[in-house]
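The values are calculated or read from the model by the stated rules, or taken from the named source; none is laboratory data. In this text the structure is predicted, and so the values were computed from the model without any measurement. Using ideal geometry, Cβ is built from the backbone for each residue, glycine included, and neighbour counts are taken over all protein chains shown. The protein model used for the area step is the full one, side chains on, heavy atoms only, and it has no ligands, DNA or RNA in it. Shrake-Rupley method; radii C 1.70, N 1.55, O 1.52, S 1.80 Å.
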Amino acid sequence: MVTRADSSGEHVVSGSTGSKTQVSVIVVSYNTREWLGKCLEALPAAAMNQTLEVIVVDNASADGSAEAVSDGFPDVRLIRNHRNRGFGRAVNQGADVASGEYILLVNPDGHVEPGAIDALVDFARRNPQYVICGGRTVTPAGESDPRSCWAAPTLWSLASSAVLLSTMRPGSRLFDPEAMGHFGRDCARAVDIVSGCLFLIARADWQELDGFDERYFVYGEDADLCLRATAQTGRKCAITPDAVMVHAVSASSNNQPDKHELLLNGRIALVRSHLGGWRGRVGAALIVAGVAVRAALERLGVDRGTNWREVWRRRERWKRGYASVGDASGSVATRAAGSG
């Protein structure tokens, strides 16, 4: 079941509504002013053959992100939330007022390259067998970033991660299958999961699927929708290398323990939901065990840099995953979340 919340009273809308558009671009901002301007400035050149409606949903940023949009981009439709409502709910807010044939999610901590939206829409039109389409991501330094797509989690992939096989052999077909390390993101192909940083779906399909499940405050909502979309429509997800995005990756959530707490909530919720039954329970236990292993190694001085001991200390806040509407793992959500 997909859970949605009533957004009544939570936002103020400004900007032009415009006429019916082909593509509604939704950008969720949470303290991303440094990146947001470049993100929005890049959109016209990325869509020379499309009509765009741009909607920014600001999750109560404290850095002037919303003001930068209202002052510098008067044609952008701005939704201001009075509190951080999380990525999934914010996207749903934007989608609820969207009028385009397609909905395109773009993270604010990056920018699409010229022609990227044209390429993505063209790929989707030519390949109706795909329900969700994504592109190729690169780092600001121009290096390939494989996190534009993933394989679905399995008990084997979760066990490999728990005992650090995926850490020791990153990208391995056998020990790190979710990373799809054998795939260079250099050709179009079907994938299980498309990253929410560049994520195109027909608005009709979005509505049929009821958008993001709002039990996911941030992280995991894109994977959940991809897996639900495939199960419910019988169509697959895919990426095309012709649609390129430069992505800084989580510029709005950079405190490591806080970020990992959110990631673990989303991952456990995803595993429990999509593996289901005893597989879901075992999968969640493997994730918890993996954190325990990393915390123990860190205590021994073997694994440093993430502060896994602090993540383990907080385990009561993430070990069951997101469970209900509004569950944001305590105050951590307001400190660390905002874009997926």
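Observations, loosely collected:
- Take the conditions (1) crowded, with 24+ Cβ neighbours inside 10 Å; (2) modelled with pLDDT of 95 or more; (3) hydroxyl-bearing (S, T, Y); T230 misses just one of them, which is (1).
- E34 falls short on exactly one of the conditions (1) crowded, with 20+ Cβ neighbours inside 10 Å; (2) at pLDDT below 95, and that condition is (1).
- Residues located in segment 275-295, provided they are surrounded by 15 or more Cβ atoms within 10 Å (Cβ to Cβ) and among the charged types (D, E, K, R): R279, R294
- Any hit, segment 32-44, residues being aromatic (F, W, Y), within 15 Å of L105 (Cα to Cα) and under 18 Å from the mean Cα position of the chain (by Cα): no
- Applying the condition of being in contact with a helix residue (DSSP H, G or I) (Cβ under 8 Å, 6 or more places away or on another chain) and open to solvent by 50 Å² or more (accessible area, probe 1.4 Å) to segment 182-199 and asking which residue is farthest from S157 (Cα to Cα) yields A188.
- Being within 19 Å of F212 (Cβ to Cβ) and at pLDDT below 95 is true of D109.
- Close pairs (8 angstrom Cβ cut-off, 6 or more residues apart or separate chains): on the phi < 0 side of the Ramachandran plot and buried (at least 24 other Cβ atoms within 10 Å of the Cβ) in segment 242-260, modelled with pLDDT under 65 and not in a loop (DSSP other than H, G, I, E, B) anywhere: S253/A336
- Selection of first residues in segment 54-66 that are at positive phi and of second residues that are among the hydroxyl-bearing types (S, T, Y) and surrounded by 19 or more Cβ atoms within 10 Å (Cβ to Cβ), restricted to Cβ pairs under 8 Å at least 6 apart or on distinct chains, gives the following pairs, ordered by first then second residue: A60/Y30.
- Every pair of residues 6+ apart whose Cβ atoms lie under 6 Å, when the first sits in segment 136-161 and is in contact (Cβ under 8 Å) with a residue 12 or more places away in the chain while the second is crowded, with 22+ Cβ neighbours inside 10 Å and among the aromatic types (F, W, Y): none
- Breaking point among (1) in a loop (DSSP other than H, G, I, E, B); (2) open to solvent by 20 Å² or more (accessible area, probe 1.4 Å); (3) on the phi < 0 side of the Ramachandran plot, for Y219: (3)
- Selection of first residues in segment 102-119 that are at negative phi and charged (D, E, K, R) and of second residues that are assigned to a strand (DSSP E or B) and open to solvent by 10 Å² or more (accessible area, probe 1.4 Å), restricted to Cβ pairs under 8 Å at least 6 apart or on distinct chains, gives the following pairs, ordered by first then second residue: D109/H247; E113/V244; E113/V246.
- Leading residue by the ranking (farthest from A295 (Cα to Cα)) among those in segment 165-181 that are open to solvent by less than 30 Å² (accessible area, probe 1.4 Å) and more than 21 Å from the chain's Cα centre (by Cα): S172
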